[in-house]
Structure formats: C-alpha cells, structure tokens
Amino acid sequence: ERRNYVIDRMVENGYIKGDEGEAAKKAPLAVTARTTGSHIFAGEYFAEEVRREIYDRYGEKKLYEGGLSVRATLDPKLQVMARKALTAGLTKYDENRGYRGAIQKIDVSGDWGVKLADIKALSDIGWKMAVVLETSDQSARIGFQPSREPGGAVVRERRVGIVPLDGVKWAKPAEGPARGRVPTKVSQVLEPGDVIYVEPLESKDGQTDNQQFRLRQVPDVSGAMTVMDPWTGRVLAMVGGFSFDQSQFNRATQALRQPGSSFKPFVYAAALDNGYTPATVVMDSPIEIDQGPGMGVWRPEN
C-alpha cells in the first residue's frame, strides 16, 4: 500500500507517466534480505559483547542514536577458526556419548517441504535441517528444509539426498537395551518422519559428496573460548557457546565459575614478593589456631 501511494504521488507530481505508474504497481515486491556483518564471520557473540559494553558505558540513547563509530579487536580469521575448533570439540564429545534421537517427527505424506519449513532451524552452525523420507538397511533418503522467498512463501523446489550407513555409524543408542552398539543398518537409527541435521559426508581422502550426507546432532553440552593477545590483552576472538541462534548467553563472559586453581599464581607471586623462593619449604603439619574468646579453635583441613 505504501509503495503504491508513493507511485501515485510520482504520477501526480509529473515524475512518471500514468501507464508507467500502473506497470510499476503491478510488479511484484522485491525484498532483499541482508545478512548481518557479524554473521558472516561467526562473530555474533563478540559483537553482542561489544554492544553490551557500549550500553553499560554510554546508555541506550547514545548506543542507538549517538552515531557512534566502534572499532573492535576481533580478527575475523581467528574468529572463524575458534568457532570451528569449539563446535568440533563439543560435537565430538557429544557424539561419543551416543545418539539421542530425532529433533521431532512430522508426517511426510503430501508436501513435506511446507511442514519442514515451519520448524525453526539453527542458521549459524553450517548444518542442514532435513526430514527422513524413507529408509532401508544401507541408506535413508532425506528431503532438505526448503528456503523461503523474500515475501515469506516457501519455494517450490524440493531437494533430496542420501544418508548412507557410513553416515550413521557413530550413532550408537544413548540409552535402552541397545545402548553403545554400533548400528549395522540405517533403519536402526532413522525412521521416516524424523527431523534431523546433516552435513556433506567427507570421504577418506578428504573430499565431500554433495549427494551423500552424515547425520549430526546438536550437543547437549556447550562451552566457550576466548583468544587473547597476552602482550596487549586484546580479545582477538570469542565464542560464547555452540550456537548464538540457539542461545545468546555468552559462557565466556556471563558464566559465573568457581576459580579452581587460577588463584594460585596470585598467591605465589605475593609470596615471591615477600621473600619466599622456589626452594622455600612450607610446613603443612596439623596446626590449631585459637580464634579468640568464644570463637573456638580453628583447625585447617585439606
């Protein structure tokens, strides 16, 4: 409606002729989807942390209306490498504990593409969402989640692929009587209607086949990674979890952890500053300390 109003005003003001305006109003709306900059190099967690920092320092009005130009220390190449390393480690750890089953199930009769398109898929992990159409002992035929046109309609094209036995051999059942057993048939792992994630299957020589795919599973466990320059303290890369699309909680900066042994360098440094040497022996025999009237005796324990 807004476009047509503007076109009518252009006709009325003499910028275009009437027939040109009518032709323009009959043309389909073209919407260009824009991918955010941080999405391109896997820097969503980093960018969000910068946004939070600016918000805390300068407030909402300055952040969104102040016309700020922000320089950050992120190294795009290191960011992609850090993201890849963390997700690979989390995936390997999770897969070693078995396959927990499909994300959900849908009816694959009729147009399965429309039903699959309605399921929210993680857009930042590099895997493709698919539904199992049919299975056999040696393979499963899958249909991929179709994309949407700029106007929101589901595209008509339906792409399919194959998951061979090699693509599911890691998927040992995580529970039940068959727990830990390596699958000998694809049908032991996948059933028609299973909604799953897959990625191209890599051969022994490192090549990928865009017709054959490997079953994937979103890990139950997550993690974080921060890459810093020790000389300057600059943060070069930051990954706050397996998927920003799944959870924006940044485990690198927002998780409250127990310090563990990380306090020891500070204790030892203070000792060295106060006359201790690496050869100093500290007796750790049992001691008792009187804490004062009514406080009792304190006996330090390990």
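Before moving on, here are some points about what is shown:
- Residue within region 210-217 that is exposed (fewer than 15 other Cβ atoms within 10 Å of the Cβ) and within 20 Å of Lys92 (Cα to Cα) present: no
- Evaluation of Ala255 against (1) assigned to a loop (DSSP other than H, G, I, E, B); (2) open to solvent by 80 Å² or more (accessible area, probe 1.4 Å); (3) among the hydrophobic types (A, V, I, L, M, F, W, C) (one fails), failing number: (2)
- Residues of region 138-156 that are of a type outside the set (Val, Ile, Thr) and at pLDDT below 95: Ser147, Arg148, Glu149, Pro150, Gly151, Gly152, Ala153, Arg156.
- Residues in region 109-128 that are of a type in the set (Gly, Ala, Ser) and part of a loop (DSSP other than H, G, I, E, B): Ser109, Gly110, Ala121, Ser123, Gly126.
- Residue in region 230-247 that is open to solvent by 50 Å² or more (accessible area, probe 1.4 Å), over 17 Å from the mean Cα position of the chain (by Cα) and among the aliphatic types (A, V, I, L, M) present: no
- Failed condition for Ser285, given (1) at pLDDT 95 or above; (2) of a type outside the set (Lys, Arg); (3) assigned to a loop (DSSP other than H, G, I, E, B): (1)
- Cβ-Cβ under 8 Å pairs, at least 6 apart or on other chains, region 40-56 side over 15 Å from Gln248 (Cβ atoms), far side not hydrophobic (A, V, I, L, M, F, W, C): Phe41/Pro76; Phe41/Gln79; Ile54/Lys62
- Residue in region 128-135 that is at pLDDT 95 or above, open to solvent by 40 Å² or more (accessible area, probe 1.4 Å) and either on the phi > 0 side of the Ramachandran plot or acidic (Asp, Glu) (or both) present: yes
- The lone exception for Glu175 - which of (1) charged (D, E, K, R); (2) within 24 Å of the chain's Cα centre (by Cα); (3) in a loop (DSSP other than H, G, I, E, B) it fails: (2)
- Pair list, Cβ < 6 Å and 6+ apart or interchain, from region 19-32 residues that are without any contact (Cβ under 8 Å) to a residue 40 or more places away in the chain and open to solvent by less than 100 Å² (accessible area, probe 1.4 Å) to residues that are assigned to a helix (DSSP H, G or I) and not hydrophobic (A, V, I, L, M, F, W, C): Lys25/Asn4
- All positions within region 270-287 that are surrounded by 10 or more Cβ atoms within 10 Å (Cβ to Cβ) and of a type outside the set (A, V, I, L, M, F, W, C): Tyr276
- Filtered by the rule that a residue be farther than 30 Å from Gly180 by Cβ, free of Cβ contacts under 8 Å to residues at least 12 places away in the same chain, part of a helix (DSSP H, G or I) and not charged (D, E, K, R), region 57-95 gives Tyr58, Gly59, Tyr64.
- Some residue of region 142-158 being of a type outside the set (A, V, I, L, M, F, W, C), in a strand (DSSP E or B) and open to solvent by 70 Å² or more (accessible area, probe 1.4 Å): yes
- Filter result for Asp166 (open to solvent by 80 Å² or more (accessible area, probe 1.4 Å), under 17 Å from the mean Cα position of the chain (by Cα) and not hydroxyl-bearing (Ser, Thr, Tyr)): no
- Within region 276-293, residues that are farther than 22 Å from Pro265 by Cβ sit with their Cβ atoms under 8 Å from residues that are open to solvent by less than 90 Å² (accessible area, probe 1.4 Å), at 6+ positions apart or across chains, in these pairs: Ile287/Pro300; Glu288/Val297; Ile289/Val297; Ile289/Pro300; Asp290/Val297; Gln291/Val297.
- The residues on offer are Ala72, Ala42, and the sole one that is small (Gly, Ala, Ser), within 27 Å of Gly233 (Cα to Cα), in contact with a helix residue (DSSP H, G or I) (Cβ under 7 Å, 6 or more places away or on another chain) and open to solvent by 50 Å² or more (accessible area, probe 1.4 Å) is Ala72.
The values are calculated or read from the model by the stated rules, or taken from the named source; none is laboratory data. Given the structure is predicted, the values throughout are model-derived calculations rather than measurements. In this analysis, Cβ positions are derived from the backbone assuming ideal geometry, glycine residues included, and neighbour counts consider all displayed protein chains. Side chains are part of the model used for accessible areas, which takes the heavy atoms of the whole protein and leaves out ligands, DNA and RNA. Shrake-Rupley method; radii C 1.70, N 1.55, O 1.52, S 1.80 Å.
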